[in-house]
Amino acid sequence: MSRREKLEKLLTAEPDDVFLNFGLAMELSKEGSREQALGQFDRVLELDPYYHAAYYHKAALLIELGRSDLARAVLTSGLAATRAAGDAHAESEMGELLAGLS
């Protein structure tokens, strides 16, 4: 059974588990299922709008796909979430990624 299949099986029992949803998003991205990964990152952010890593990795994937405008919007939202949570490290990483888009 692949990692993706294991995550999907675990999610049938716990569909609202943020960490499992994030793991699936990352696995989908790694497999090259990029559009599915983007949808899964959206699911993570629906469950937890302060899950900083989801903003970062979704934006990085959008950049890979040449969708810089959408990546900029995701990073802007992510920066607001990191500031609200007081996570200076995540804020710094997202700020650097956003600066690279300018």
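The values are calculated or read from the model by the stated rules, or taken from the named source; none is laboratory data. The model shown is predicted, which means the values in this text are computed figures rather than measured ones. We place every Cβ from the backbone using ideal geometry, glycine too, and count neighbours over all the protein chains shown.
Summary table
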read-out: Residues that are of a type in the set (Asp, Glu) and within 16 Å of LEU45 (Cβ to Cβ), drawn from region 58-91; value: ASP87
read-out: Residue match in region 5-19 (condition: under 26 Å from GLU96 (Cβ atoms) and buried (at least 19 other Cβ atoms within 10 Å of the Cβ)); value: no
read-out: Within region 1-16, tally of residues that are part of a loop (DSSP other than H, G, I, E, B) and either in contact (Cβ under 8 Å) with a residue 12 or more places away in the chain or of a type in the set (Gly, Ala, Ser) (or both); value: 2
read-out: Within region 22-102, helices (runs of 4 or more DSSP H) holding 1 or more residues that are free of Cβ contacts under 8 Å to residues at least 12 places away in the same chain; value: 34-47, 68-85, 88-99
read-out: Candidates ALA59, ALA73 - the one that is within 11 Å of the chain's Cα centre (by Cα) and on the phi < 0 side of the Ramachandran plot; value: ALA59
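Conditions (1) small (Gly, Ala, Ser); (2) at pLDDT below 95, marked per residue:
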{"residue": "LEU65", "(1), (2)": "no, no"}
{"residue": "ALA71", "(1), (2)": "yes, no"}
{"residue": "VAL74", "(1), (2)": "no, no"}
{"residue": "GLY95", "(1), (2)": "yes, yes"}
{"residue": "GLY100", "(1), (2)": "yes, yes"}
